[in-house]
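Reading through the structure tokens given below for one structure.
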Amino acid sequence: MIRADFRILLVDLSIRKAHIVDLPGRETYIGGSGLAAMLFEKYGDMAAPWSDPKQPLIFTIGPLTGYFPLMSKTVCGFLSPYHGQYAESHAGGRSALALRFADMDALVIVGKASGPCVLSVGARHMEIKDAPFLWGKDVFTTGKMLRHMLPGSGQRSILRIGPAGENGCAYACINVDTYRHFGRLGAGAVMGAKNLKAIAIVGDASFPLPEGKEYAKCFHEIYDQLTETSMMSKYHDLGTAGNVAALDALKSLPWRNLQATSDPERIDGISGEKFAQDMLLRNTACSGCPVGCIHIGYLREKFMADNRYLYRQVAYDYEPIFALGSMLGFGDGFKVLGLMDAVEREGLDCMSSGVALAWATEAMEKGLITEAETLTPLAFGEPEGYKLAIHHLGAASNEFYRLLAQGTLVAAKRYLGEDFACVLGQEMAGYATGETFFVSETLSFRHSHLD
């Protein structure tokens, strides 16, 4: 049954110790978002900078996680390096059920390790391992090494950052179990500032279910609605990628840094239907969710002249297709998947990265910046330059990329071009659908990210 108080694991990286804190407020603070906000109010300091070691990095779940289908998201709360405000981001994968099976309502991390490290927690353990050999590794390499380093499987969730988080990119994300992310507002940079390369949450306990017939009846009613009706079919079928062609037809799909909102000549190559027909490898789901809305595409790349290819699996949905597809002028889905793969490796947020590079491309077109800044040619529809630029963005290779990594407007103020920077509170989302969208973005209503 749901306990009366919140059970929090508080980890201090500076002293390499942890303890359990039981806090009241179950009747006052609603869901994972309410709990995260309450914990930030308790442990955070709005007067201190985001990188101050005492600032908390918070992961929470709601009271229904593990008890009902769909309750599969974890909330990450933190002080954002992007704008210095409290922010939250949501991600799935195995993270939420791992916390539930580890008998935690929240994991709160404070302090800063003396060097790069990995944190592993569960119902019966807390361990901090030194890991200087992981610093500088990309997200995928880190994941492979961690799976050999850390015991546990099943309900083990692995959260890690890439070079972007290590280098303080204001929109570095935290990768969750390869295909999900705490994105948008720099949670990855907060991890990096703590010298925390990765977190493993091991669900190594169990929890009691409510007794009586009513709970089982309610569970099955919800499950049947999700699986036996058309309620969630859109998300399992094409997924949110099904919005691409529809928004283009409505002249609401941003193209080439919002220079256009429709491109009839290129849209067929990046539509949800095209991805499903030619690029979809499989569907997968977050733990505890029967919908299967995660769409995994395959990327085939030649690495030797003698017809030798490697295959990569890349998750896609509407926002990455917009940000790394239409926003950068692409009408070829495979090229878009290639850029998604590059962004994933660096641990960058795909939406902010795509919008930032779209601005940089137009700035180059207008002569405000040159290859001396970008270190590679940037042109709409040309993937190789963008792949190199994505690496430079994650690595903060020079002053230009260090500024761009702090936000498009930061770079635009230095190099000019603020008038065509598509930033409304943060780099825009992929819905140029009218006045309500632009007002909500301007007022920062979309500072929460769901993945």
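Every read-out reported here was derived from the displayed coordinates using simple, explicitly stated rules and does not represent laboratory data. Predicted model, so just to flag it, every value in this text is computed and none were measured. Cβ sites come from the backbone with ideal geometry, for glycine too, and all protein chains shown count toward neighbours.
Structure notes:
- Residue-by-residue Karplus 3J(HN,Hα) for region 223-231, coefficients 6.51, -1.76, 1.60, Hz, glycine and proline x: 4, 5, 4, 6, 10, 9, 10, 8, 3
- Burial order of peptide ranges 179-187, 12-20 (average beta-carbon count within 10 Å, highest first): 179-187, 12-20
- Each of THR227 and GLU214 was given a label point 7 Å from its Cα along the Cα-to-Cβ line. The distance between the two points is 2.5 nm.
- A cut-off under 10 angstrom between Cβ atoms defines the neighbours of PHE101, and their net charge, with Lys, Arg +1 and Asp, Glu -1, is +1.
- Applying the Karplus relation 6.51 cos²θ - 1.76 cosθ + 1.60 with θ = phi - 60° to region 126-131 yields 3J(HN,Hα) values of 9, 9, 10, 10, 5, 8 Hz, where x marks Gly and Pro.
- Partners of LYS213 within straight-line reach, counting aspartates and glutamates whose Cα lies under 19 Å from its Cα and excluding those fewer than 8 residues away in the same chain: GLU221, ASP224.
- In the distance distribution for region 287-420, Cα-Cα pairs more than 27 Å apart total 23 percent.
- Size of electric dipole in region 6-202: Cβ of Lys, Arg +1 and of Asp, Glu -1, about Cα centre, debye, nearest 20: 520
- Rg to Rh quotient for the chain, alpha carbon positions, Kirkwood Rh: 0.96
- The local environment of ALA131, defined by Cβ-Cβ distances under 10 Å, has a net charge of +2 under the rule Lys, Arg +1 and Asp, Glu -1.
- Region 260-285 and region 101-155 have Cα centres lying 36 Å from one another.
- The value of relative contact order for the chain, using C-alpha pairs under 8 Å at least six residues apart, is 15 percent.
- The order of the peptides 385-394, 141-150 by mean Cβ neighbours within 10 Å, most packed first, is 385-394, 141-150.
- Taking the helices alone, the chain has a mean residue ellipticity at 222 nm of -9000 deg cm²/dmol, built from -39,500 (n - 2.57) per DSSP H run of at least 4 residues and averaged over all its residues.
- Overall form of region 6-202 per C-alpha gyration tensor (a/c, 1.5; a/b vs b/c): rounded
- Protection proxy ranking, peptides 48-56, 301-309, 341-349, 81-89, average beta carbon neighbours within 10 Å, highest first: 341-349, 81-89, 48-56, 301-309
- In order along region 422-435, the phi-based Karplus estimate (6.51 cos²θ - 1.76 cosθ + 1.60, θ = phi - 60°) of 3J(HN,Hα) comes to 7, 10, 10, x, 7, 4, 4, 7, x, 10, 8, 9, x, 4 Hz; Gly and Pro are listed as x.
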